[in-house]
Amino acid sequence: MNNNFNTASVMSFKQHFFHLSTAAAVLFNLTFPSQMVWSAPPNSADVQSFIPAKWKILEKVQGDLNADGLTDLALIIESTDPKNIVANENLGSNQLNTNPRQLLVLLKKSKGYQLASSNSSLPTEGDVESPCLEDPMGEGETLSIQKGLLKISFHYWLSCGSWYVTNTSYTFRYQNQKFKLIGFDSDDFHRASGDITERSINFLTGKVKKTSGANEFAESTLPEKVEWSKLKNKYSINLEQIKFNEHIEFE
């Protein structure tokens, strides 16, 4: 069966951290791409034309994404509306920046740039429902372009309420005028026990690699256990369809 994301289980990262070992799957049926925060111009000679008023660029990377020899761009932008800086009376920071973020992918053309893809589901810096959750895009590079592939990575950890640290990355390839998800990688690290578990999915082959047995605190290298399996479902997912602010279980 070929699925456009409707067999992937999703939950909030708050639920993921508190129930990592026994996370209950919640089916999520996604039919339409993420709605754009604003109406961006489809083509423009000026990159700044794609940035709405009172928004700023958080991160920008460049590289050839469609093998035409031209330098394309991937941007993460964020609103600067002061109304979205909210007070927090619970654990965590005194203030939370809940301004929305947007991912833009711009392909270089002979006369400027073309908006090829966008996604408005990036996690915000602050999370009202989980104020102890640090900014998932606050450590390291979120975007990278290597060998024509676009990779988007997140780093999740809570300063209170969970021992887990989770890293996730999504890899996309431009084909048939779309950015298709071809790879997903995640690793979970338990700050108390030191145990590390890794999972890597190749959507082109359907193969899943799970690695366990490593320990950050072990005095000597421990033998790792590698398990291979196949996805039960086939996925055809575009960049616009991904919910980056949800924990996804591909099955």
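Each pair of Cα atoms in segment 97-181 enters the Kirkwood radius, and Stokes-Einstein at 10 °C and 1.306 mPa s then converts it into a translational diffusion coefficient of 108 µm²/s. Quick one: which residues, 5+ away or cross-chain, put their amide H under 5 Å from the amide H of LEU122? H built at 1.01 Å from N. Under 5 Å from the amide H of LEU122: ARG101, LEU103. Residue-wise HN-Hα couplings along segment 81-92, as the Karplus relation 6.51 cos²θ - 1.76 cosθ + 1.60 with θ = phi - 60° gives them from phi, are 5, x, 5, 8, 8, 10, 6, 10, 9, 9, 5, x Hz; Gly and Pro carry x.
At q = 0.22 Å⁻¹, what log₁₀ I(q)/I(0) does segment 141-251 have when each alpha carbon counts as one equal point scatterer in the Debye sum? Relative scattering, expressed as log10 I(q)/I(0), comes to -1.28. Of the cross-linked pairs LYS151/LYS232; LYS56/LYS109; LYS180/LYS234; LYS111/LYS151, which ones have a Cα-Cα span greater than 21 Å in the structure shown? Flagged as over cut-off: LYS151/LYS232; LYS56/LYS109; LYS111/LYS151. Distances between placed amide hydrogens fall under 5 Å for PHE203 paired with GLY183, PHE184, all partners being 5 or more residues away or on another chain.
Read the figures in this text as sums done on the coordinates, not as results from a lab. Predicted model, so just to flag it, every value in this text is computed and none were measured.
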